[in-house]
Structures are given as C-alpha cells and as structure tokens.
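See below for the structure under consideration.
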Amino acid sequence: MVVPAADGERLQKVLARVGLGSRRVCEELIGEGRVTVDGAVAELGCRVNVESARIEVDGAPVGVRPGLVYYLLNKPAGVVTTASDPHDRPTVVDLVPDDPRVFPVGRLDAQTEGLLLLTNDGDLAHRLTHPSFGVDKEYLAEVEGRPSPAAVRRLREGVVLEDGRTAPARAVLVEASVLRITIHEGRNRQVRRMCEAVGHPVARLVRTRIGPLVDRSLAPGSHRTLVAEEMQALRRAGANRASEAPETSTGRPPADR
Ligand code: URA
C-alpha cells in the first residue's frame, strides 16, 4: 500500500534494505518503472507500508516485511524435512536458528542429502514450490547398475509412474552409475521412483541445485543465510512461469543435459 507522505518508509530505502542495491540503484529501478506497489507502477519518493505492501521488481515479488529470513541448509541423510517428528528423529529445523521460526521450502526424503531452503517468507516459498513456476532442482543420483543410453533417454522423455507421466527431465550420465537429473516437478520421491522405473534404483541421492542456488562448500548439517544476489536470482526464478522456462518452452529437455 502506498501511504501518505508522513507515514511509511521511502520505497528506495526499503528496496535497498532488502538487498536490491544501493539507494541510488533502487532509485533508478523505480525511475525506470520497474517497480510496482500493489500492482501499480511506483513513483520515485513514494512511501510504503512494509507490513502490507506487495512490491514487485521486474515482475518478481520482493519480500519486504521486517524479520524475513532465508537459510540454505545442506541436509544430511537421516534428518527429516518436517518441523517436528512424531518418532523424535532430528529435523531440518533443528539445524537452523529457532527464532524466527522458519519452515522448509518443499521437502527432501529422510535419506536424501543436499540443498534445502528454509524461510518464513510464505509468498516466496509458494512460488518456488508451485510446479507452474518451473523452478528446477538438480540431483546427483548414485544408482544400482549402469544405465544404458535408452534408460537415460526414458528419464529425459518422462516416465510413467503410478501418479502419471513425469514431465521431460534433464538427465545425463556423469559417471558409470551416477546420473545428474534436473526436474521442476515436486512429486513425492520423484527421482527415486523415476530411476526405479527405468531399472536403476537409487543408492544415494543428493540435491545439488535449487533454481539458481548452488553451494559446493557448505558442509553437511550446516547452513548459511542467502546473500542479496541469490535473493534476487531466486525471486526472478520464482517469477518465471513454466511456459517461459527454457527446458519446457519446447516441451523437450535441452540437448546438453
Ligand atoms: N526426489 C526424490 O526421490 N527424493 C527427494 O528427496 C527429492 C526428489
């Protein structure tokens, strides 16, 4: 909500605080008409109520409510992706600060390792998990046996699972028994079920990328806060509808994956 002159915070100050750049850069963004507040193009100097304003930059929503946090966790095997577990197993929220309370964005199976985002920004979480936004996730799957070119092709084209055919995926054999698979759907145990369906059950599964987020040096069990550039890239990824995403615009995966 744009608010009267005496109230609220200046938009460029708000945008700078959440990491879109210096105030000067943010003024330019506003001046170029790239910022909207509640759907209307913002004017330089306007003030906003950060508790209620819906702000977008280049069509990507920007969380400006105070207290929003974003953690990237390297989940170890054996940790469950829930806020609390009835069987008292360790959970992903045990591995990050407990104030403010955050929740995992999507889920990894208990035995799956790798990158997981946790936040208290419900809007961003929704965009990143909704299949129509096509945010892709990349996995390394160590599988039983040695997948043939035909098996890899089946993964790329989509395999029929009990809940329907999977969308085309990127799949490439990076070692004799290791596949790199990129999907943008979020079905339960999807990568494990896809590999099993082509005759190669997964022995170990690691998520190595969430949209633009990668981190090869984050130790298992540790987490870090996202930096401003990553936030921006994530917002942009969340703003892309599947129809605009490169791997789905042709209905086929790119040839190099
Ligand atoms: N696919 C799986 O099979 N498991 C995960 O944890 C994530 C994707």
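Have a look at D94, D98 and point out the one that is in the same structural domain as L213 (by TED's automatic domain parsing), under 29 Å from V191 (Cα atoms) and modelled with pLDDT of 90 or more. Spell out the reasoning first.
Values: D98 fails: under 29 Å from V191 (Cα atoms).
From the options D94, D98, the qualifying one is D94.
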Going through (1) crowded, with 18+ Cβ neighbours inside 10 Å; (2) touching a residue at least 60 places away in the same chain (Cβ under 8 Å) one by one, Q111 fails only at (1)
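Can you tell me which residue in segment 196-233 is least open to solvent (accessible area, probe 1.4 Å), limited to those that are in a helix (DSSP H, G or I) and at pLDDT below 95?
First, the residues of segment 196-233 that are in a helix (DSSP H, G or I): 196-197, 228-233.
Checking the rest, the ones that are also at pLDDT below 95 come to 228-233.
On the way: A228: 35, E229: 133, E230: 32, M231: 10, Q232: 35, A233: 28 Å².
By that ranking, first place goes to M231.
For (1) closer than 14 Å to P220 by Cα; (2) in contact (Cβ under 8 Å) with a residue 24 or more places away in the chain, each residue gets a yes or a no:
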site: P86; (1), (2): no, no
site: R89; (1), (2): no, no
site: D94; (1), (2): yes, no
site: D99; (1), (2): no, no
site: L115; (1), (2): yes, yes
site: G122; (1), (2): no, no
site: T129; (1), (2): no, yes
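Within segment 106-118, which residues are under 24 Å from T225 (Cβ atoms) and modelled with pLDDT of 95 or more? Step through it out loud before you land on a result.
Here is the first cut: in segment 106-118, the residues under 24 Å from T225 (Cβ atoms) are 106-108, 112-118.
Answer for segment 106-118, where residues must be under 24 Å from T225 (Cβ atoms) and modelled with pLDDT of 95 or more: L108, T112, E113, G114, L115, L116, L117, L118.
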Hey, among the residues in segment 132-153 that are open to solvent by 70 Å² or more (accessible area, probe 1.4 Å) and within 16 Å of the ligand (Cβ to nearest atom), which one's farthest from G63 (Cα to Cα)?
-> E144
Taking the residues in segment 55-75 that are charged (D, E, K, R) and part of a strand (DSSP E or B) as candidates, determine which candidate is farthest from T91 (Cα to Cα).
-> E56
Does segment 164-175 hold any residues that are without any contact (Cβ under 8 Å) to a residue 60 or more places away in the chain and away from the ligand (no atom under 13 Å from the Cβ), and which are they?
-> G164, R165, L173, V174, E175
Please identify the pairs in which a residue from segment 134-158 that is at pLDDT 95 or above has its Cβ atom under 6 Å from the Cβ atom of a residue that is open to solvent by less than 20 Å² (accessible area, probe 1.4 Å) and in a helix (DSSP H, G or I), counting only partners at least 6 apart or on another chain.
-> Y139/V191; A141/V191; A141/C195; V143/C195; L155/M194
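Please pick out the residue among N240, N188 that is at pLDDT below 85, closer than 17 Å to V105 by Cβ and polar (S, T, N, Q).
Just one listed residue meets the conditions, N240.
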Restricting attention to segment 108-129, report how many residues are more than 16 Å from the ligand (Cβ to nearest atom), closer than 14 Å to G211 by Cα and more than 10 Å from the chain's Cα centre (by Cα).
-> 0
Select from segment 1-34 the residues that are outside any helix (DSSP H, G or I), among the hydrophobic types (A, V, I, L, M, F, W, C) and out of contact with any Cys (no Cβ under 8 Å at 6 or more places or on another chain) and write down the one among them that is modelled with the highest pLDDT.
-> V18
Would you confirm whether any residue within segment 116-126 is of a type in the set (V, I, T) and under 18 Å from L20 (Cβ atoms)?
-> yes
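Taking segment 189-200 as the region of interest, how many residues are within 11 Å of the ligand (Cβ to nearest atom), in contact (Cβ under 8 Å) with a residue 24 or more places away in the chain and not aliphatic (A, V, I, L, M)? Before the answer, list the steps.
Just the residues of segment 189-200 that are within 11 Å of the ligand (Cβ to nearest atom), to begin with: 189-196.
If we keep only those that are in contact (Cβ under 8 Å) with a residue 24 or more places away in the chain too, we end up with 189-195.
Still in the running and not aliphatic (A, V, I, L, M): 189-190, 192-193, 195.
Final tally of qualifying residues: 5.
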One residue from V96, V159, V57, V105 being within 16 Å of the ligand (Cβ to nearest atom) and within 29 Å of E9 (Cβ to Cβ) = V105
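The values are calculated or read from the model by the stated rules, or taken from the named source; none is laboratory data. Keep in mind that what you see is a predicted model, and the values were worked out from it rather than measured. Cβ sites come from the backbone with ideal geometry, for glycine too, and all protein chains shown count toward neighbours. The protein model used for the area step is the full one, side chains on, heavy atoms only, and it has no ligands, DNA or RNA in it. Shrake-Rupley method; radii C 1.70, N 1.55, O 1.52, S 1.80 Å.
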